[in-house]
Amino acid sequence: MTRIRFQQSLDELKENLLVMAGLAEQAIQRAIEAYRVRDLSICDLVSRSENAINRMERDIDQSALDMLAMEQPMAIDLRFILSVIKINADLERVGDAAKSISDRVRNMEQMPVTELPVDIPRMATLAAEMVRKSLQSFIEGDTEVARAVLTMDDAVDAMNRAAYKALTKVMEEQSRIAPQALNALMICRALERVADHATNIAEDVIFWVQGADVRHHKSLAAQKENKSTG
Amino acid sequence: MGVGIEVINLNAWYGANHTLQDINLNIPANHATALIGPSGCGKSTFVRCLNRMHETNPIARVTGTVRIGDLDIYEDAKPVEIRRRVGMVFQRPNPFPTMSIYDNVASGLKLNGFRNRHALDEIVERSLKDSALWDEVKDDLKKKSGASLSGGQQQRLCIARALAVDPEVLLMDEPASALDPVSTSKIEDLIFQLKSQYTIVIVTHNMQQAARVAEKTGFFLNGRMVEFDSTHKIFTNPSDKRTEDYITGRFG
């Protein structure tokens, strides 16, 4: 009962998810590049890759579903397949976020260039780094790297809050450049979502490797603390 | 009602073969506990030690303590008394082929000298209802023999026979391995219902079955209990690498 075919199917599932991960990571990097150099041809590449990502999402889900139905996986194999299904959904949404950013870049391209009080490239670099590290943790099954990703999310959240504050102020005080500020705000929001998806991926890697559910750790701990003090 | 089972330093031999080594565990009352492991790992020997059936083999030997509730079965009780308190169901249904359905269920009580006809009727009906067979056989109780039933019905008849003597513990050694999926499902539903009244220990090779019916699961390997924990833990995140390798099919 060594289940060689099942092990091969697990390996194939992992390989397919890595291809999907490569596409999603490339899409977000391209979207960031499109913003940086204001190049609409790069936006076209992002749009095209979204279709490929969507197709892969369906194929990977189907393979995972087949394995759950046919193989009745247990323990680490069961956790792996569940993690793949969830990571697959997060990668697809990273692709959506990339498309959303490239749409905003297209929009901004039709407007005069203006200085805005927000460092989008810095935020993008951090979000992309989180995606890269979360995928590294998946490839290597490395929970140390995954936990490092979790700690990075706070910084991106803080940047998003600061951007919201600064850009809404621009919209209130300088209506002439409000459309540009709105686009920048939506790009920040998309980057913040990318960071959230990277965090989800890292949490799923920890669940797969260690069987530990670390989701909502802070909010649940705070809720517990409130109950005990209240 | 079921009682807990406490096993302390249990060792068993077949001749020179040391088939169970230093088994210690507490099986909770009124729960189903599954025992899994590869063929020859000792799980069937273990359940046969829980009702002193192991020692019926002349070359077999047992040391250690097994307490069924407050009864130390290797110190305080005779095997006949233990088998009344501990019912057993085997892999292949084994009804008495020439006996009627009624007599199959009543056989254990009659063997113990129980002769009250009215009470017997009630016990047979209750046992067949508890084993989810009553509706299928109530019109043929004394007309049909146990052997005339289907395999799944025969197994439920054997469960009814075990329940008729009002045991506290029900041991099941691969009770559904010879049955089709529908009959298997009925046996599993039955285990689920019975565990509120009895302590159930089930040996199974079907890990999905263990996951479905049991709250606790023990993994045996080479005569040793490698891991004993909640079924949820065993099947989602076992502590021992050997357990994980077995349930994920990496060896066995």
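Nothing in this text is a laboratory measurement; each read-out follows from the coordinates by a stated rule. Everything numeric in this text was worked out from a predicted model, so none of it was measured. Counting neighbours? That spans all protein chains shown, and the Cβs are built from the backbone with ideal geometry, glycine included.
Considering just Cα atoms, how many Å³ per residue does the convex hull of region B:70-157 enclose?
Details: hull volume 10.5 nm³, N = 88.
Hull volume normalised by residue count: 119 Å³.
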- Using amide H atoms built 1.01 Å from N in the peptide plane, name the residues 5+ places from B:Asn237, or on other chains, whose amide H lies under 5 Å from its own. none
- Residue-wise HN-Hα coupling along region A:122-130, computed from phi with Karplus coefficients 6.51, -1.76, 1.60 (Hz; x: Gly, Pro): 5, 5, 5, 4, 5, 5, 5, 5, 5
- Message: When only alpha-carbon atoms are used, what values of Rg and Dmax, in angstrom, describe region A:3-221?
- Response: 18.8, 66
- Whole-Hz Karplus couplings 3J(HN,Hα) for region A:140-154, θ = phi - 60° and coefficients 6.51, -1.76, 1.60, Gly and Pro as x, run 9, x, 9, 6, 5, 5, 4, 5, 5, 4, 4, 6, 7, 5, 4
- In deg cm²/dmol, rounded to the nearest 500, the helical mean residue ellipticity at 222 nm of chain A, built from -39500 (n - 2.57) for every DSSP H run of length 4 or more, is -31000 deg cm²/dmol
- Note on the structure: In this structure, the FRET efficiency calculated for A:Gln7 and A:Arg106 from their beta-carbon separation, with R0 = 41 Å, to the nearest 0.05, is 0.35
- Message: Using the Cα centre of the protein assembly as shown as the reference point, and only Cβ charges (+1 on K/R, -1 on D/E), how large is the resulting charge dipole? Debye, rounded to the nearest 20.
- Response: 1020
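For the protein assembly as shown, what is the Kirkwood estimate of the hydrodynamic radius, computed as the reciprocal of the mean inverse distance between distinct Cα atoms, to one decimal in Å?
Numbers: mean 1/r = 0.0372 Å⁻¹.
Averaging 1/r across every pair of different Cα atoms and inverting gives 26.9 Å.
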- Ranked list, fewest to most other Cβ atoms within 10 Å of each Cβ, for B:Leu10, B:Leu20: B:Leu10, B:Leu20
- Which of A:Thr143, A:Leu91, A:Ile76 sits farthest toward the positive end of the charge dipole of region A:3-221, with +1 on the Cβ of Lys and Arg and -1 on the Cβ of Asp and Glu? A:Leu91
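Give me the percent of DSSP beta bridges within the protein assembly as shown that run antiparallel, rounded to the nearest 5. Write out the running numbers ahead of the final one.
Numbers: 24 of 41 bridges.
Around 60 percent antiparallel, to the nearest 5.
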- Amide H partners (placed H, <5 Å) of B:His31, local residues excluded: B:Ile200
- Message: If I take every Cα pair under 8 Å that is 6 or more residues apart in region A:83-230, average their sequence separation and divide by the length, what percent do I get for the relative contact order?
- Response: 37
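To the nearest 0.05, how large is the calculated FRET efficiency for A:Ser175 and A:Lys224 if R₀ is 45 Å and r is the Cβ-Cβ distance?
Numbers: r = 46 Å, r/R0 = 1.02.
FRET efficiency, A:Ser175 to A:Lys224: 0.50.
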- Exceeding the 25 Å Cα-Cα cut-off - candidates B:Lys129/B:Lys195; A:Lys86/B:Lys195; B:Lys110/B:Lys144; B:Lys144/B:Lys195; A:Lys86/A:Lys218: A:Lys86/B:Lys195; B:Lys144/B:Lys195
- Task: Starting at the first residue of region A:9-16, write each ³J(HN,Hα) from the Karplus equation 6.51 cos²θ - 1.76 cosθ + 1.60 with θ = phi - 60°, in whole Hz, x for Gly and Pro.
- Result: 5, 4, 4, 5, 4, 5, 4, 5
- For region A:27-98 and region B:176-252, compute the distance between their C-alpha centroids and round to whole Å. 36
